[in-house]
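Report on one structure; see the data block that follows.
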Amino acid sequence: MAIKSILNVTALAGVKFTSRIIGYTAFGLIFNLFLFLYFSNSSSRHSGLMGAVTLFAPIVYFFIGQKQGAAAAFRFIVEKHGEDLSRFVMGKLLDAYPSILDNAQAKSAVIQEKLSTLIATLSEQSRINKAIFSGLMSKFDFVAVAARVMEKNAAVANGSREETVNGIAAAIRAEFNMDDLKPDLRIPAMLVGGNFVLVFICAKFL
């Protein structure tokens, strides 16, 4: 994948990432404002603790939005551009270490070390890259799988660089399981439910 293409993809992923943060935070603010007004009017006593809960709860929504946004961005990239992402990383790896697929070098431990260093460098380039590669590492053992695939396919190095990168990227992409990449919607549901219960308890019993 060309640098322009990867930047376009990460930009789209960034939209998904930031939109989740904004959406969750806005929902948290509106929902807690509603809870505060409703329970303040219906409760016979005012609770300062309830006010504190509704004031600080949106901060939790913000962090959950970050988590869900990163998951959504990562799924988008892997589902739509997983092979392109693998091709981009493999291309960078071969550029940085052109002899890594030589018979003397194509060992899983060596490849994992070089690949981990490369991904750490790519992650430092932007916040979106960091979210993408953090998701990649937490949801899928990319480094280990890539190392195994590269070691197994070291023979493709006899072809052109493009053939080598394409062959390895396709093999890595085949290892992805989309079902494992779905964002966990139980966390937002538990947050909303816990938020409501906590405000209710503060308003009625504290």
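Computed values, structure above
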{"item": "Candidate aspartates and glutamates for bridging to Lys92, where Cα separation is under 16 Å - those fewer than 8 sequence places away on the same chain excluded", "result": "Glu83, Asp84, Glu113, Glu124, Glu162, Glu163"}
{"item": "Solvent-accessible surface (1.4 angstrom probe) belonging to Lys80, in square angstrom, nearest 10", "result": "140"}
{"item": "Backbone HN-Hα couplings from phi across region 169-177 [Karplus 6.51/-1.76/1.60, Hz, Gly and Pro as x]", "result": "4, 5, 5, 5, 4, 5, 7, 5, 10"}
{"item": "Candidate aspartates and glutamates - alpha carbon under 16 Å from Lys80, same-chain residues fewer than 8 apart omitted", "result": "Glu175, Asp179, Asp180"}
{"item": "Across Lys114/Lys182; Lys67/Lys139; Lys16/Lys114, pairs whose alpha-carbon gap is larger than 24 Å", "result": "Lys114/Lys182; Lys16/Lys114"}
{"item": "Sequence of Met190, Met137, Met50 from largest to smallest accessible area, 1.4 Å probe", "result": "Met190, Met137, Met50"}
{"item": "Ranking by accessible area, most exposed first, for Ser99, Ser108 with a 1.4 Å probe", "result": "Ser99, Ser108"}
{"item": "Accessible area (Å², per residue) of region 36-100, counting only protein heavy atoms and a probe of 1.4 Å", "result": "48"}
{"item": "As computed over region 71-120, the Cα convex hull volume per residue (Å³)", "result": "83"}
{"item": "Karplus 3J(HN,Hα) series, Hz, for region 189-203 with 6.51 cos²θ - 1.76 cosθ + 1.60 (x for Gly, Pro)", "result": "5, 5, 5, 5, x, x, 4, 4, 4, 5, 5, 4, 5, 4, 6"}
{"item": "Rg/Rg_globular for region 14-89, with Rg_globular taken as 2.2 N^0.38 Å and Rg from C-alpha atoms", "result": "1.60"}
{"item": "Estimated distance in nm for a label pair at Phe27 and Val110, the labels positioned 7 Å out from Cα along Cα-to-Cβ", "result": "5.0"}
{"item": "Residue-wise HN-Hα coupling along region 55-61, computed from phi with Karplus coefficients 6.51, -1.76, 1.60 (Hz; x: Gly, Pro)", "result": "6, 9, 4, x, 5, 5, 4"}
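The values are calculated or read from the model by the stated rules, or taken from the named source; none is laboratory data. Every value quoted in this text rests on a predicted model; they were computed, and no experiment measured them. Glycine also receives a Cβ, built like all others from the backbone with ideal geometry; neighbour counts cover every protein chain displayed. The area values use the complete protein model at the heavy-atom level, side chains included, leaving out ligands, DNA and RNA. Shrake-Rupley method; radii C 1.70, N 1.55, O 1.52, S 1.80 Å.
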